[in-house]
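These notes concern the structure reproduced below.
The values are calculated or read from the model by the stated rules, or taken from the named source; none is laboratory data. Note that the coordinates shown come from a computational prediction; the quantities given were computed from them, not determined experimentally. Cβ atoms come from the backbone with ideal geometry, glycine included; neighbour counts cover every protein chain shown. All accessible areas refer to the heavy atoms of the entire protein, side chains included, with ligands and DNA or RNA removed. Shrake-Rupley method; radii C 1.70, N 1.55, O 1.52, S 1.80 Å.
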Amino acid sequence: MLRQVFPLLIAAVCGWPRPVPAQEAAMTVQHIPMPGTEADGSPKLPMAGRVAGWARRAGLALRWEAVPFKRSLQDLQRNAAPLCVLGVFDTPERRHFAKFSLPIFQEEQQVFIAASRAAPTLRAQPGAHAAILSPKLQLLVYDGVGYGTVLDAWIAERRPPPVRATAGTSNLATMLSRGHADFTIATLAALQELQVRG
């Protein structure tokens, strides 16, 4: 009897061998490079907080990566691994290689931001459509950014085409002040931030 109890006592003291827990799977969330991040590596954006909250409730761990936007689109097209890219606008071209969630964030009001030298010409335009199409003004847009169905259609009509920059890496104020473009389309918050900085 002691022979039968002894192995059980050793097992009880040492514990039964347990399977090694698998490392928690994490969903990669890419975002454009920008200054400042939260403690978890997420960018300081309202939509990032929403994504993190939903992931937490779903029990999904996230791994945040700052990646240039064009590379994120290439990663989505390759479809080699599960991937989420924060802030990709839903366009017909992108639906060919990506699935989109329901909208998680609604951009605020869009405004034109102009270099001071171009402001009088911009103000003289009869409306937004005329301003975007005006050959007297050079428009700056960001690659991969959707400005909404109407504005995107007007931008596509523009001749000559707009100046294109990479979101997250170009400095709007510098590009306008150095004459790379005359005006751009941005959010009211971006305008207010430029006004605070002077």
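Sparse packing (at most 16 other Cβ atoms within 10 Å of the Cβ) combined with a DSSP loop state is found for the following trypsin sites (Lys or Arg not before Pro) in the range 137-181: 158, 178. When both bridge partners sit in the range 42-198, DSSP labels roughly 45% of those beta bridges antiparallel.
Protein-only accessible surface at a 1.4 angstrom probe places the residues 174, 184, 37 in the order 37, 174, 184, largest first. Electrostatic tally near residue 69: other residues with Cβ closer than 14 Å to its Cβ, Lys and Arg +1, Asp and Glu -1, net +1. Annotation: residue 42 carries an accessible surface of approximately 10 Å², with a 1.4 Å probe and no ligand, DNA or RNA atoms counted. Taking the protein heavy atoms of the range 84-198 in the context of the full set of protein chains, the accessible area attributed to carbon and sulfur is 55 percent at 1.4 Å. How big is the antiparallel share of DSSP beta bridges in the range 19-113, given as a percent to the nearest 5? Antiparallel bridges make up about 10 percent of those DSSP assigns within the range 19-113.
Shown here for the range 26-107: GluC sites (Glu not before Pro) in loop regions (DSSP other than H, G, I, E, B) with at most 10 other Cβ atoms within 10 Å, namely 93. Each residue was assigned an accessible area with a 1.4 Å probe, and for residue 44 the value is about 120 Å².
Extending 7 Å from Cα along the Cβ direction at residue 74 and again at residue 39 yields two label points whose distance is 3.6 nm.
Ligands, DNA and RNA excluded, the heavy atoms of residue 54 present near 110 Å² of accessible surface to a 1.4 Å solvent probe.
Radius of gyration (Cα atoms) of the range 83-135, expressed as a multiple of 2.2 N^0.38 Å: 1.68.
May I ask you to list the residues of the range 174-198 whose amide nitrogen lies under 19 Å from a point 7 Å from Cα along the Cα→beta-carbon direction of residue 93? Within reach of a label on residue 93: 185.
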